[in-house]
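Report on the following structure.
The values are calculated or read from the model by the stated rules, or taken from the named source; none is laboratory data. This structure is a prediction, so every number in the text was calculated from the model and none was measured. In this analysis, Cβ positions are derived from the backbone assuming ideal geometry, glycine residues included, and neighbour counts consider all displayed protein chains. Surface areas here come from the heavy atoms of the whole protein model, side chains and all, with no ligands, DNA or RNA. Shrake-Rupley method; radii C 1.70, N 1.55, O 1.52, S 1.80 Å.
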Amino acid sequence: MILHGTQEIDQHGVLTIGGCRATDLAARFGTPLYVLDEACFRDNCRRYLAASRAAYENSDVAFASKALMTSAVVRICDEEDLWLDVASPGELLTAQRVAYPMSRTLYHGNNKSLEEIRLAVKAGVGLIVVDWLGELEQIEQVGAEAGREVPILLRLAPGVDPDTHHAIRTGQPDTKFGLSIQGEAADAGVAAALALPHVQLLGYHSHVGSQLLDLEAHAEAVVEMVQFAGRMAGKHGYSPAILNIGGGLGIRYTEKDRPPSFEEFHDQLVRTLTEQLRITGLEPPKLLQEPGRSLVGEAGTTLYTVGAIKHLDLPEGLQRLYVSVDGGLSDNPRPQMYGAVYECALANRMNDHADTECRIAGAHCETDTLIASAQLPMPRPGDLLAVPCTGAYCYSMASNYNRFQRPAMVLVNQGQADVIVERESPEDVIRMDRIPERFRSVEDTGKHA
């Protein structure tokens, strides 16, 4: 297992994160447990922003909160001078509850309701990212009601098909997101936005996909966006003040993954942007980005307790060792949704020889494979399994499947561990249930005797 952030192995062979022993965290807070490495997260935020501004001075970075949103995470983003990308009333409310500067927020969504737009405008978000033509009329209506212009970006579909899982491609021609620049939609969006008195068009946005491990897709999207901006400047006399290229940079889930460094990524990105601005003659816009996974993914580790262990004899002399843990699909659906591959280790036996091939199975009522093939010391019930790189899209996508309770999350730093999300109780899971009054009560039926 690759060690990430502040992870170390202590003299007793126990994994530590943020100066906290994994075994102590599990004993104190229970498992499954999300552990967030504060120093790693903050360091990624600082390095990404520094790399961006070193390459292109007039730039800002927004955290894509869909990757991981809690009140504490949002507060860290504020302290690290990031913008914030939100895409629902719940995400907006979280930002408001911690007094996040609304001028540094962007409101996304491919199907915003009129009420959502009203909420965003009332809150004073910095930018609304428009996803379809009808949304412009809705924003015009809300802007007129509020008696002011509403600042927006137009989301463009640049026609770039990146090399990643099909479910997390977003910039290709066949996509639900944005206005295609290959047809008339994006051009019509520019013309409509410029004609509406309560809509203030500030620039363009695109996002081509997620967990991208090369530089080509982002560079190609920048070329398409700037060339489109050049055409719109000639046709409508409009040049963007802001160019938002989204996020998508991948992380090291396994030793095979080789994502570009933040510096390599920005060097290529800005080199392409600068060349295209020269060709089109456009004034350099403000550069915005929206990384999520690349900031928080490697800062997260999930701890599980090992339970059932089964040896299977398979056809043709093959064997399989199933190692079950006390979580799985409900706290990390990515292996089932995207075929995501993780590494793991026994956090209480980090120095033992990893000589056993295992299949890590979850505890849910279906083929719930967390890790199809893992090399571990021969596991024992009660061992503590650590799965790194679970900071992004695990808690965010967690569910109550099988009525499991969502895990707690702790923030660790310099030997201190603080709960930032409480563990759900069984009562929390059934709290929203309602029984119609017309149903007979247990008392009325003699307890179903």
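From the largest down, the range 1-79 spans 48, 27, 20 angstrom on the principal axes of its Cα atoms.
Quote the Stokes-Einstein diffusion coefficient, in whole µm² s⁻¹, for the chain, based on the Kirkwood radius over alpha carbon pairs, a temperature of 4 °C and a viscosity of 1.567 mPa s. For the chosen part, D equals 55 µm²/s.
Reported value for the range 354-445: 196 Å³ per residue, from the convex hull of its C-alpha atoms.
Ordered by packing density, taken as the mean number of other Cβ atoms within 10 Å over each peptide's residues, highest first, how do 367-373, 352-358 rank? Intermediate values should be presented prior to the final figure.
Details: 367-373: 17.3, 352-358: 14.1.
Ranked from most to least packed, the peptides come out as 367-373, 352-358.
Output needed for the range 168-228: three equivalent-ellipsoid semi-axes, defined as square roots of 5 times the C-alpha gyration tensor eigenvalues, in descending order, whole Å.
25, 12, 11
Annotation: per residue accessible area for the range 1-159 equals 37 Å², rounded to a whole number [probe 1.4 Å, protein chains only].
Of the peptides 388-396, 2-10, the ranking by mean beta-carbon count within 10 Å, highest at the top, reads 388-396, 2-10.
Given in Å, the Rg to one decimal and the Dmax to the nearest whole number for the Cα atoms of the range 182-291 are 15.4, 53. The mean sequence distance of close C-alpha pairs (under 8 Å, at least 6 residues apart), as a share of the length of the chain, puts its relative contact order at 19 percent. Amide H contacts under 5 Å for residue 368: 362, restricted to partners 5 or more places along the chain or on a different chain, H placed in the peptide plane at 1.01 Å from N.
Each Cα pair of the range 199-248 feeds into the Kirkwood radius, which the Stokes-Einstein equation turns, at 37 °C and 0.692 mPa s, into a diffusion coefficient of 279 µm²/s. Working from label points 7 Å from Cα in the Cα-to-Cβ sense, the residue 286 to residue 254 distance is 4.1 nm.
For the chain, the mean residue ellipticity at 222 nm estimated from helices alone is -9000 deg cm²/dmol, where every DSSP H run of n ≥ 4 contributes -39500 (n - 2.57) and the total is divided by all residues, rounded to the nearest 500.
Between residue 63 and 83, 84, 85, the built amide H atoms are under 5 Å apart, and every one of these is 5 or more places off in sequence or on another chain.
Restricting attention to the chain, the count of lysine pairs at 8 or more positions apart or across chains with alpha carbons under 26 Å apart stands at 10. The calculated Kirkwood hydrodynamic radius for the range 69-227 is 16.4 Å, given to one decimal from all distinct C-alpha pairs. For the chain, DSSP calls about 45 percent of its internal beta bridges antiparallel.
For a distance above 16 Å, tell me the whole-number percent of Cα pairs in the range 70-141 that qualify. Cα-Cα pairs in the range 70-141 separated by more than 16 Å: 43 percent.
Counting heavy atoms of the protein chains only and a 1.4 Å probe, report the per residue accessible area for the range 362-428 as a whole number of Å². Write out the running numbers ahead of the final one.
Details: 3000 Å² over 67 residues.
Per-residue accessible area for the range 362-428 comes out at 45 Å².
Radius of gyration (Cα atoms) of the range 280-394, expressed as a multiple of 2.2 N^0.38 Å: 1.38. Per the 1.4 Å probe, what fraction of the accessible area of the chain, in percent, lies on carbon and sulfur atoms? Accessible surface attributable to carbon and sulfur in the chain totals 49 percent.
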